[in-house]
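The structure appears below as structure tokens.
The values are calculated or read from the model by the stated rules, or taken from the named source; none is laboratory data. Just so it is clear, the model here is predicted, and its values are computed rather than measured. All Cβ positions, even for glycine, are placed from backbone atoms using ideal geometry, and neighbour counts span all protein chains on display. Side chains included, ligands, DNA and RNA excluded: accessible areas come from the protein's heavy atoms. Shrake-Rupley method; radii C 1.70, N 1.55, O 1.52, S 1.80 Å.
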Amino acid sequence: MTDAPLPAAIEHDEFLPYEPSAVWRALTDPELVGRWWAAAADLRPEVGHRFTLDMGAFGVQHCTVAAVEPERLLRYTFAEGVLDTTLTWTLVPEGSGTRLILRHEGFDLDSHLGRQAFAGMGKGWALVLSRIAPVLAA
């Protein structure tokens with residue numbers, strides 16, 4: 001019997017006391033994305049649209065929008081040619097706010113880079129998500 005492989009997906013969620021329309025703007029407006037995560041050059045929520053995220057010391061990452069349901073779901077490839085993973089942002093209305101669920105999947109756990117990214121991002125996404133509410137409050 002073999003050991004089960006590590007999960008190749010990271011999932012985090014954050015409750016935000018804002019309507020889905022405001023949270024959607026935080027995910028799709030390049031200026032706002034740049035305030036809580038990474039400089040998002042030319043980000044547009046249109047399937048097939050290619051854009052980049054400037055991750056500072058981690059370099060410029062190429063992305064392609066894969067799915068859009070306004071104010072409900074945004075999915076795009078992340079770090080094409082490097083990690084080749086996918087980010088899915090799901091917005092769920094909850095009470096007076098929105099539950100934002102992030103699923104980051106597709107890590108190649110057979111590669112050193114994939115394992116390193118999986119471990120680092122597994123710890124880091126909670127901090128990144130916690131930065132969204134202060135941006136929306138500003």
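Worth a mention:
- Boolean, V33 is β-branched (V, I, T) and touching a Leu at 6+ places or on another chain (Cβ under 7 Å): yes
- For P17, the criteria (1) closer than 22 Å to M121 by Cα; (2) surrounded by fewer than 16 Cβ atoms within 10 Å (Cβ to Cβ) hold in every case but one, which is (1).
- Residues (on the phi < 0 side of the Ramachandran plot and not in a strand (DSSP E or B)) located in region 59-92: P70, R72, E80, V82, L83
- Selected residue (only one of A8, A26, A67 is closer than 23 Å to R131 by Cβ and either open to solvent by less than 20 Å² (accessible area, probe 1.4 Å) or among the aliphatic types (A, V, I, L, M) (or both)): A26
- Residue list for region 31-45, restricted to those being over 13 Å from the mean Cα position of the chain (by Cα) and part of a helix (DSSP H, G or I): E31, L32, R35
- Residue satisfying all of: in region 109-133; in a helix (DSSP H, G or I) and in contact with a helix residue (DSSP H, G or I) (Cβ under 8 Å, 6 or more places away or on another chain); nearest to L91 (Cα to Cα) among these: I132
- When region 70-118 is limited to residues that are touching a Gly at 6+ places or on another chain (Cβ under 7 Å) and open to solvent by 60 Å² or more (accessible area, probe 1.4 Å), the one that is farthest from F51 (Cα to Cα) turns out to be D108.
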